[in-house]
Structures are given as C-alpha cells and as structure tokens.
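Reviewing the structure listed below.
Only the coordinates and a few stated rules stand behind these numbers; no lab work does. Since the structure is predicted, the reported quantities are computational estimates derived from the model, not experimental observations. As a convention, Cβ positions derive from the backbone with ideal geometry for all residues, glycine included, and neighbour counts pool all protein chains shown.
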Amino acid sequence: MITLFSYPEMFSVADNNPYGLKAFAFLKLSLLPFDHVHIFDAKSAPRAQLPYIVDGERTIGDSDAIIAHVTARYGVTMDEGLTEPQRTTHLFVRRTLDDLYWVMSYSRWRDPRFWPLFRDEMLKRHPILTESGMDAARHYNFERYQYQGIGRYDSEEVYARGLADLRALADVTPGRGFLFGPEPSSIDAAAYGFVANILYYEIDTPLKRFVQSRAELVRHCDAMHARMA
C-alpha cells in the first residue's frame, strides 16, 4: 500500500501545498489505493521536503519522482499515449508551475496584505500550530525568497511574474476536456495542484483574481476537483 505524506488540507483542497496536491491528484487519477497522512514536520522527508511517499521499503520524495515511480511500478497508463510534442509541452508546463510556486508562496507568507489572513486561517484550522511557530516559518520563507531571488523584487514585479505564468497556462488549457485530450494525464494533476490552491483559496490575491477571469482555468480546475472525491 502506498502512503502519501503531505501538508494538511485547507480551503476544500486535500493539501495546501501545490506539489502535495499534485501528487494526491495523480494518485487519485491512477485509481490505485493509497493512504494519505497529513504532517507539518518535513525533517524526516527526503531532502526535508514534502510531499513524499512510502511504498513498501522505498521512500520517494519530489512530486515528479513520485509520479515516475508509481507509473513504472504499477503500470499506470495515463501518460502512455502522449506524443513527443505533448511530452515537450508537459515539461514546459511543469517548469512554468515551478516558477509560479514562488509567487504563490510569496502571496501567503511575504505580502503584508495577505499574511495576517493566511496566518489566522492556518491557526484556526490546525490547532497544533502556534503563532510563534508561524512567525518562525515566515522568517524562514523570507530567507528562501532572498536566496531564490524573488525576495529582491517589489510586489508588483513579483505578481507580474506569476500572472505571466498563469496566462501561459491558461493559453494552453482547452475549453473542454483536459490538456491533452478527453481524459486527464499527469500534467492535469500538476495544473490542478496549483490552480486549486489559488482558485479555492478564500483570500483575494492578484493570482486568484486572474484565475477567476479565465474561464478555461476555472472549468479545468472544477473538472479535476470533481474527480478528487
């Protein structure tokens, strides 16, 4: 039995981190049985990052590595029919989402307009958390943003980058079906992991306003969300 370890749920999604939600969505789409364990402490995880899975005697971290392992070990076929151009687009979309991650994180932990709302919601939903612990995590994220580079820009420049990422995603998202056809593939799980953590996020960030303005993103996210039950 596969066990997925990831951050806890928030705002009606199974994980408030886009990579954990991506892994969760892929496992749901695969129709394989799995357990889902919510944790906050990532110290025991590979590279001290969530999500990760334990599958028998193997522990695999990183959402892409999880998808590759599960696909190979259990013969998951959802990506089997992709063409080479689609596989190239698949990579481009994943890398665009990797860039979007930093803007999403910035909007929660760094932006003073949204940080208090995010902090208070986390404390309300997860009593195990403390205000001092949240403040420490915020300070840690400030350091990450500085090292990554996004913390060196003003907020308008940060959001411009994230909105460009979302615009690119919207432009390759069709008006019906999923990114590469009538049935979802692993790239749909990736897109859902990010868009759901924006669209269903009950705080009015610039990212959420943009997603709401693009009907194809809303439709795709809602269609994926319906499959997560």
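Overview of values
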item	result
Test result for R167, among the charged types (D, E, K, R), surrounded by fewer than 18 Cβ atoms within 10 Å (Cβ to Cβ) and in contact (Cβ under 8 Å) with a residue 60 or more places away in the chain	no
Scope the stretch 1-59; condition of a type in the set (D, E) and either surrounded by fewer than 15 Cβ atoms within 10 Å (Cβ to Cβ) or more than 23 Å from T130 (Cβ to Cβ) (or both); matching residues	D35, D41, D55, E57
Residue among Y153, Y159, Y192 that is free of Cβ contacts under 8 Å to residues at least 12 places away in the same chain and either out of contact with any Phe, Trp or Tyr (no Cβ under 6 Å at 6 or more places or on another chain) or among the acidic types (D, E) (or both)	Y153
Given (1) closer than 26 Å to Y153 by Cβ; (2) touching a strand residue (DSSP E or B) at 6+ places or on another chain (Cβ under 9 Å); (3) without any contact (Cβ under 8 Å) to a residue 60 or more places away in the chain, number of the condition V37 does not satisfy	(1)
Residue list for the stretch 186-229, restricted to those being buried (at least 23 other Cβ atoms within 10 Å of the Cβ) and either among the polar types (S, T, N, Q) or not in a helix (DSSP H, G or I) (or both)	S186, N197, Y201
Subset of the stretch 49-77 (residues that are in contact with a helix residue (DSSP H, G or I) (Cβ under 6 Å, 6 or more places away or on another chain), assigned to a loop (DSSP other than H, G, I, E, B) and either among the hydroxyl-bearing types (S, T, Y) or under 23 Å from F180 (Cβ atoms) (or both))	V76
Cross-chain or 6+ apart pairs with Cβ under 7 Å, the stretch 208-229 first and touching a residue at least 24 places away in the same chain (Cβ under 8 Å), then assigned to a helix (DSSP H, G or I) and basic (K, R)	R227/K28; M228/K28
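Residue-wise test of (1) crowded, with 17+ Cβ neighbours inside 10 Å; (2) in contact with a helix residue (DSSP H, G or I) (Cβ under 8 Å, 6 or more places away or on another chain); (3) not hydrophobic (A, V, I, L, M, F, W, C).
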| residue | (1), (2), (3) |
| --- | --- |
| E80 | no, no, yes |
| F92 | no, no, no |
| D98 | no, no, yes |
| W102 | yes, yes, no |
| W109 | yes, yes, no |
| P112 | no, no, yes |
| L117 | no, no, no |
